[in-house]
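The values are calculated or read from the model by the stated rules, or taken from the named source; none is laboratory data. Just so it is clear, the structure is predicted and the values come from calculations on it, not from any experiment. Quick reminder, even Gly has a Cβ in these numbers, built from the backbone with ideal geometry, and neighbours come from all protein chains shown.
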Amino acid sequence: MGAIFRRELGAFFTSSIAYVFLGVFYLLSGMLFYINTLASGTSDMAGYLSLLFLAIIMLVPVLTMKTFSEEKKQKTDQGLLTAPISLGAMVLGKYFAVFVMYLFGISIIFVHAVILSFFGTVDWTLVASNYVALVLMGAACIAIGMLVSALTENQVVAAVGGIFSLLFIFMLDFVAGFIDIEFISDILTSLSFYNKYYEFTCGIFNLSSVLFYVSVAVVFNFLTVRIFEKRRWS
């Protein structure tokens, strides 16, 4: 797993993906930070942090789109399938490489918090709570994006599919508002990523939300492993 992790992490920087992801993410988060805090003359970062999920939806699939689709297109996935490592280690090696790149991106919120501290009082508890939320939500989103990448050999399809998959999951609570059947509406609301993320932006640490995001990451990584197991034996 370590060898795959190092290879994948290095591949981000030898290609343009790392620079595109970090550059665009820093630009979008900087714009949101300026509009919602500096330009508004407030030291409350809640509004800025609550909107960061938009950048994550658009950019996480950029990180995950090549994890497996490129391997399939170049036929190098056969080497991975026959390598003397478990499929779980192979998937997790790629997963943690993407996750580390993602951490590089979201850590910019601490830079923004330090900048804001020169102009007012920063609620560092809120910042820490939101960072945990971004970490957990990103862990789940990356697992979903990697599953989409494992289903296609086209990187563009993987990116677009990942974006639409995440958009759908984030809009579940909105869809639930149009459903009159209460138990279906409750199920959709409970599966919504945004509701649980919003709790953290308000400084509410809910253990069930933590378990939800971790469970989603585990389940989708498990499904990705099953896809490659089926391919190995077919």
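Table for the structure above
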{"item": "Close pairs (6 angstrom Cβ cut-off, 6 or more residues apart or separate chains): farther than 15 Å from Thr64 by Cα in region 1-29, of a type in the set (Val, Ile, Thr) anywhere", "result": "Tyr26/Ile108; Ser29/Ile108"}
{"item": "Unique match (being closer than 20 Å to Ala150 by Cβ, modelled with pLDDT of 85 or more, surrounded by 15 or more Cβ atoms within 10 Å (Cβ to Cβ) and in contact with a helix residue (DSSP H, G or I) (Cβ under 7 Å, 6 or more places away or on another chain)) among Val100, Val62", "result": "Val62"}
{"item": "Residue identified as of a type in the set (A, V, I, L, M, F, W, C), assigned to a loop (DSSP other than H, G, I, E, B) and more than 27 Å from Phe68 (Cβ to Cβ) among Ile187, Ile204", "result": "Ile204"}
{"item": "Members of region 65-88 found to be under 20 Å from the mean Cα position of the chain (by Cα) and either modelled with pLDDT of 80 or more or among the polar types (S, T, N, Q) (or both), listed by number", "result": "Met65, Lys66, Thr67, Phe68, Ser69, Gly88"}
{"item": "Residue match in region 94-110 (condition: touching a Gly at 6+ places or on another chain (Cβ under 6 Å), assigned to a helix (DSSP H, G or I) and within 19 Å of Tyr213 (Cα to Cα))", "result": "yes"}
{"item": "Neighbours by Cβ (under 6 Å, 6+ apart or cross-chain): first from region 156-182, small (Gly, Ala, Ser); second surrounded by 15 or more Cβ atoms within 10 Å (Cβ to Cβ) and not in a helix (DSSP H, G or I)", "result": "Ala158/Met65; Ala158/Thr152; Ala159/Met65"}
{"item": "Conditions (1) under 20 Å from the mean Cα position of the chain (by Cα); (2) modelled with pLDDT of 85 or more; number of the one not met by Ala113", "result": "(1)"}
{"item": "Residue list for region 25-48, restricted to those being assigned to a loop (DSSP other than H, G, I, E, B), surrounded by 15 or more Cβ atoms within 10 Å (Cβ to Cβ) and among the polar types (S, T, N, Q)", "result": "Thr42, Ser43"}
{"item": "Residue, nearest to Ser69 (Cα to Cα), within region 128-138, restricted to residues that are aliphatic (A, V, I, L, M) and surrounded by fewer than 19 Cβ atoms within 10 Å (Cβ to Cβ)", "result": "Val135"}
{"item": "Condition check for Tyr131: within 21 Å of Ile17 (Cβ to Cβ) and out of contact with any Asp or Glu (no Cβ under 6 Å at 6 or more places or on another chain)", "result": "no"}
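This table checks each residue for (1) over 22 Å from Ser15 (Cα atoms); (2) buried (at least 19 other Cβ atoms within 10 Å of the Cβ).
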site	(1), (2)
Met146	no, yes
Ala150	no, yes
Ala158	no, yes
Phe170	yes, yes
Phe178	yes, no
Asn195	yes, no
Glu199	yes, no
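Conditions (1) under 20 Å from Val132 (Cα atoms); (2) more than 16 Å from the chain's Cα centre (by Cα), marked per residue:
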site	(1), (2)
Ala176	no, yes
Asp180	no, yes
Ile204	yes, yes
Val216	yes, no
